[in-house]
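Rule-based calculations on the coordinates, nothing more; no lab input. All figures in this text were calculated on a predicted structure; none of them were measured in a lab. Note: ideal-geometry Cβ built from the backbone for every residue, glycine included; neighbour counts use all protein chains shown.
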Amino acid sequence: MAIRRPLDTNVVDITGADLANNIAISTTGNIATTGSGTLTSAGAFTASGGIANAGTITAGTIGSSVAFPAGHVIQMVHPTPVTETNTLTTSYVNLHEVSITLKGSNSKILVLHGWQYYAASGTGIGFQIYKDTSSGVSTSDTLLAPLGCVDTVGPLHYYADASRYQSAQYSVVDNVTSNSAGDTIYYGFFYRKRDGNASVPNDGTNNDGYFITTLIEITA
């Protein structure tokens, strides 16, 4: 292919052999294809001024350094629901743990957790979420939620004024902007009884119930 360049009143042909390693175009210059031709680059393509209209990008992989707008969903972790029954004591115990490995370095995690429980009349369920960067989360790690809802007897997060089997859900947003891509965050879901008889999870027929958890990483 030859490039035709006006030179005074003459026109000369510049072939590939005449081109230097680097070609500079003035700040007001443009490169345009008037037909159906394509622009091919064997190396990385840099557009520091931005891309005004990319049209349709038909192939490629988005790298981990790409910055997404705030609120953009980066990934979702949704493990298979766990089915079991645990009789509760008056101490918080980690009954369910889920982890997520961050893909971004400026993220928040939306934690969605649901379970079934049984509570005898006049008792209830205490529930807390702790997190850590190592598995085996304990109550000495970072408390995420919930706070309060406690009296001199015990927690009042879920209270039964009559014996009941019930489903419950809880959600919270965890700001992990201090963590980096590649870090793994472990979330432990802790339960205890207020007093009396209580079990988690329980499906309402004294059979195993479920724990179900979804972690969604979102750009902060």
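In this structure, is Ser99 in contact with a Phe, Trp or Tyr (Cβ under 7 Å, 6 or more places away or on another chain) and surrounded by 12 or more Cβ atoms within 10 Å (Cβ to Cβ)?
Numbers: in contact with a Phe, Trp or Tyr (Cβ under 7 Å, 6 or more places away or on another chain): yes; surrounded by 12 or more Cβ atoms within 10 Å (Cβ to Cβ): yes.
Criteria met by Ser99.
Give me the pairs, please: first residue somewhere in the range 72-86 and surrounded by 14 or more Cβ atoms within 10 Å (Cβ to Cβ), second residue anywhere and assigned to a loop (DSSP other than H, G, I, E, B), beta-carbon distance under 6 Å, and either six or more positions apart or on two chains.
Ile74/Lys103; Ile74/Gly104; Gln75/Lys103
Spot the failing condition for Ser199; the list is (1) assigned to a strand (DSSP E or B); (2) surrounded by fewer than 18 Cβ atoms within 10 Å (Cβ to Cβ), and only one is missed.
(2)
Does Ile185 fit the bill of being crowded, with 18+ Cβ neighbours inside 10 Å and farther than 21 Å from Glu84 by Cβ?
Working: crowded, with 18+ Cβ neighbours inside 10 Å: yes; farther than 21 Å from Glu84 by Cβ: yes.
In short, yes.
Take the residues in the range 202-220 that are among the acidic types (Asp, Glu) and either closer than 20 Å to Tyr130 by Cα or assigned to a strand (DSSP E or B) (or both); name whichever of them is nearest to the chain's Cα centre (by Cα). Explain how you work it out, then say what you get.
Within the range 202-220, the first condition is being among the acidic types (Asp, Glu), and the residues that meet it are 203, 208, 217.
Filter once more, so that each one left must be either closer than 20 Å to Tyr130 by Cα or assigned to a strand (DSSP E or B) (or both): 208, 217.
Working: Asp208: 29, Glu217: 1 Å.
Out of the qualifying residues, it is Glu217.
Among the residues of the range 91-143, count how many are hydroxyl-bearing (Ser, Thr, Tyr), farther than 17 Å from Ser199 by Cα and out of contact with any Lys or Arg (no Cβ under 8 Å at 6 or more places or on another chain). Show your work before the answer.
So in the range 91-143, the residues hydroxyl-bearing (Ser, Thr, Tyr) come out as 91-92, 99, 101, 105, 107, 117-118, 121, 123, 130, 133-135, 138-140, 142.
Okay, now just the ones that are also farther than 17 Å from Ser199 by Cα, so 99, 101, 105, 107, 130, 133-135, 138-140, 142.
If we keep only those that are out of contact with any Lys or Arg (no Cβ under 8 Å at 6 or more places or on another chain) too, we end up with 99, 101, 105, 107, 130, 133-135, 138-140.
Summing the residues that are hydroxyl-bearing (Ser, Thr, Tyr), farther than 17 Å from Ser199 by Cα and out of contact with any Lys or Arg (no Cβ under 8 Å at 6 or more places or on another chain) in the range 91-143 gives 11.
Which pairs have Cβ atoms under 7 Å, sit 6 or more apart or on different chains, and link a residue in the range 172-199 that is at negative phi to one that is part of a strand (DSSP E or B) and loosely packed, with under 13 Cβ neighbours inside 10 Å?
Pairs that qualify, where the first residue is at negative phi and the partner is part of a strand (DSSP E or B) and loosely packed, with under 13 Cβ neighbours inside 10 Å, are Thr184/Thr101; Ser199/Thr87.
Could you list all residues from the range 125-144 that are of a type in the set (Gly, Ala, Ser) and either buried (at least 18 other Cβ atoms within 10 Å of the Cβ) or touching a residue at least 60 places away in the same chain (Cβ under 8 Å) (or both)? Don't jump to the end; show me each part of the working.
Just the residues of the range 125-144 that are of a type in the set (Gly, Ala, Ser), to begin with: 126, 134-136, 138, 140.
Of everything in the range 125-144, just one residue is of a type in the set (Gly, Ala, Ser) and either buried (at least 18 other Cβ atoms within 10 Å of the Cβ) or touching a residue at least 60 places away in the same chain (Cβ under 8 Å) (or both), namely Gly126.
Would you be able to say whether some residue in the range 104-113 is under 17 Å from the mean Cα position of the chain (by Cα), small (Gly, Ala, Ser) and crowded, with 20+ Cβ neighbours inside 10 Å?
Of all residues in the range 104-113, those under 17 Å from the mean Cα position of the chain (by Cα) come to 104-113.
Pick out the ones that are also small (Gly, Ala, Ser) and you get 104-105, 107.
Now restrict to residues that are crowded, with 20+ Cβ neighbours inside 10 Å: 104, 107.
Within the range 104-113, one or more residues are under 17 Å from the mean Cα position of the chain (by Cα), small (Gly, Ala, Ser) and crowded, with 20+ Cβ neighbours inside 10 Å.
Taking the range 150-196 as the region of interest, how many residues are assigned to a strand (DSSP E or B) and among the hydrophobic types (A, V, I, L, M, F, W, C)? Give the steps one after another, and end with the answer.
In the first step, residues of the range 150-196 are kept if they are assigned to a strand (DSSP E or B); the result is 150, 155, 158-160, 164-175, 184-193.
The next check asks that each one be among the hydrophobic types (A, V, I, L, M, F, W, C); those that pass are 150, 160, 168, 172-173, 185, 189-190.
The qualifying residues number 8.
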